[in-house]
1. Filter the trypsin sites (Lys or Arg not before Pro) in the range A:284-366 to those in DSSP coil with at most 10 other Cβ atoms within 10 Å of their Cβ, and list the result.
2. For the range A:523-547 and the range A:389-461, compute the distance between their C-alpha centroids and round to whole Å.
3. Other chains near A:51-57: what is the mean number of their Cβ atoms within 10 Å of each residue's Cβ?
4. So what's the net charge close to A:PHE209: Lys and Arg +1, Asp and Glu -1, counting the other residues with Cβ under 11 Å from its Cβ?
5. What net charge is computed for the residues neighbouring A:ARG421, neighbours being all others with C-beta under 13 Å from the C-beta of A:ARG421, Lys and Arg scored +1, Asp and Glu -1?
6. Output the relative contact order of the range B:41-226, whole-number percent, from Cα pairs under 8 angstrom with separation of 6+ residues.
7. Using +1 at the Cβ of each Lys and Arg and -1 at the Cβ of each Asp and Glu in chain A, identify which of A:GLY235, A:VAL453, A:TYR148 lies farthest towards the dipole's positive end.
8. Quick one: A:THR263, B:THR172, fewest Cβ neighbours within 10 Å first, how do they rank?
Amino acid sequence: MAIELKRRNVVIVGLGAAGGVAALPLARAGLDVVGLEAGTWLAPEDFAPDELRNNVRGWPQAVQKANREIPTHRRNASAPSSPRAAIHPMMNAVGGTTLHYWGQSWRLNPWDFKVVSETRRRYGASRIPAGSTAEDWPFGLEELEPYYDIVEYELGVSGKAGNIQGRIDARGNIFEGPRRREYPMSPLRGSGFTEMVADAARKLGWHPFPGPAAITSRAYDGRPACAYHGFCARGGCHIRSKSSTAVTTIPKAQQTKRFEVVTEAVVTTIEVDRNGRVRGVNYLKGGMEYFQPADVVLLASYVYENVRLLLVSKSAAFPNGLSNNHGQIGRHYFSHNQGASVTALFPRDLNTWYGLPAQGVAIDDWADDNFDHGKLDFIGGGNLWVYSDRRPIAAAEMSTFGRAPRWGSAWKAFVRQNADRWNTAYLQKTTLPYEDNYLDLDPVVKDPLGFPVIRITADFKENDRRLAAFIQDRMAVWFMAAGAVAVERTPIGTMGPTTHAYGGTRMGDNPDTNVVNRWGFSHEAPNLGILGASVMGTSGARNPTLTVQALAWRTADYLVRNWKAVTK
Amino acid sequence: MSRDDSADARGLSRRELLARTVRFGAGAIVPVEMLVRRMPDNAAPAAAAANQAAAREPLETLTAAETATLDAIAARLIPTDENGPGATEARATRYIDRALGGALADAREAYRTGLAAVDAWARASKSAPFAQLSAADQDAILTQMESNTAAGFTPDAATFFNLVRMHTIQGTFCDPYYGGNANFVGWDLIGYPGIRLAATPDDQRMDRRPARVRRSAYDHAMFAKKRPARARLGRIDEPWRSS
């Protein structure tokens, strides 16, 4: 039998970007909170500048619980399984993937909350792509703005505001919605290369600006300024400059003495009583099974594991999985359109050996509905991002742009000259949910505990492909204006496991089409809250993490202020 | 669409679930010391290791015959030529040999059959083992492998060619801790300024070249104690292990 532990007010499942944020307002309010994390603590010494280990071999993902439950993928319900990904895109640790993510910390733009109604209003209902299940969010940007502000300051985000209470500042993003005040820190500095491409964008009449990053640009909250050493992506920060929840909100929550962190705790199922209220969670640690009872469960693992834990937690009240009596768990799944990039070759050394992916220059002129789609055949747009980041193995594996063979003396001569002369842009594009893109449990593949892994059934649609081609053309124009001598477009790929997954437990007022209400609590199991991008119904054209964190704070804040109503 | 065709994971009893955990844990756990054979010689500062690089260490994984073939392939993929040292001087195959006993153990069998297939194809088409052929003949065979027109490979020649190419690049440009990039010849080839723990604004200017730093990540004191084990990474950090 499981060992039954002392009852807590709140148990948080997963201490990454979302759970690691939610812990802080709960603990500050005096609630008795425990966080269960499958991974361990990692320290600055764990983050060596080692390209082979971090980037090639995928450490530390390669040693993770998540790596034993990598989702399977197929393009559609009648397609064969795609080759299984070798490494899970996310990692387990206190702080989760915020330990080694790029740290880009965007607010969504106003349009992202109202994709359906704004598209109808401006272009007509026929412009909503066929088969899309997109809905407007149950609220607009103004509802989330106070929470964006809180997490930007609690975590420590660098950036330049483009719209403070309606005052537009062209040094920031002129397309962003109003914010109450400036970022807590000025933006990360530019590099010679990013300044060169920013100048080129201005000459095109575009509006370049430094992107926001959860990375310190100066000493902040007892942590030093970023050292720009070049091993940020998948490497973790050796000086705690990356504002991971592991070095910000989680230790702050621990300081209240109201928050306990339990590491190496693998949550297997969520328990429900006969009335359909959640009772607590089962977890494994050190070869033992525990039951952690709690008044409220906050499910805060990643999109895939949120959906999986709900689907495997079956009970008399929820025979098809927890909170799934409306059949919505796993629906409205989409993953960010991060493929379809552009790589450019320049005629001179760029000196981008140092820096970090968050040290870059952004263009939002072609994002969202910031440009007229009247004569175009798609909706949505893309954020163009050019950044400074290069390491030697990746440099040597560069494309030869059809100008050299792939090996031998001619290859060697080409790479010797051009290893520091190429750059690949990061192009994030609007992606929508569709009826036939979804998550469920794989009928065959199981993890080592015997639980089925998630099966992704999803592919990019026509809107995504048209949009991608348009954005790639914009990027090619920009690179050529900056002096590139050649550009190559990479293919869009398919919708396999990704770091930017959305949906599966969508947020909305209608319980027939959404799993959680506007506050992030289940329509069916009222003391179950769900955190993470699984609640998001649209993607925007930018990284989801800050929105996930603002939503997590908002759900936790709602719980504090409505404790009796949620737990009655 | 069918959304309900999955097995019911709750069919497991608690007892079975716990038993599985323990079984899985026990099966997967191997004492770390058994997996970490001796530390490589470059556990010492890489510069010191580089000085010893000329001496030939005993092979750890590959046979002598396999190494001869692999050395010859790597020497054609990244040749020693008018642009300076190549995979031979970088000791790329030393990297591969060591990695096949650890992180790349899954590829050991592919090297066993692939290198044998290279020699078999060389004997069949050029009447000599690959390592004894002229550079031109070796290049011809590698071209056939790359274009998948060489026979006798499993699953095919291009797959093995791409595997060796990828690992030769890793062995030429990796941190020298792993046995390749000896004397930093790979980093010198492409002008990589080297590992710094902090980069200044001047280090990122386009009109300057940062001074070259030639140290392994693990020559820095703060990382020296966290050197990656030689073992397969997945075996030593199970979150549900019995402790």
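All of the numbers you see were taken from the coordinates with simple rules; none came from a lab. As the structure is a prediction and not an experimental result, all values here were calculated from the model. FYI the Cβ positions are ideal-geometry reconstructions off the backbone, even for glycines, and counts take in every protein chain you see.
1. Working: sites: A:LYS285, A:ARG308, A:LYS314, A:ARG331, A:ARG348; in loops: A:LYS314, A:ARG331, A:ARG348.
Here no trypsin sites (Lys or Arg not before Pro) fit, given the DSSP loop and packing criteria.
2. 26
3. Details: counts 6, 14, 9, 2, 0, 5, 6.
Mean shielding count: 6.
4. Numbers: positive: A:LYS160, A:ARG171, A:ARG202; negative: A:ASP169, A:GLU176, A:ASP364, A:ASP365.
Result for the neighbourhood of A:PHE209: -1.
5. Working: positive: A:ARG348, A:ARG390, A:ARG403, A:ARG416; negative: A:ASP349, A:ASP420.
Net local charge, A:ARG421 excluded: +2.
6. Contact order relative to length: 27 percent.
7. A:GLY235
8. On the way: A:THR263 17, B:THR172 31.
Arranged by neighbour count, lowest to highest, A:THR263, B:THR172 become A:THR263, B:THR172.
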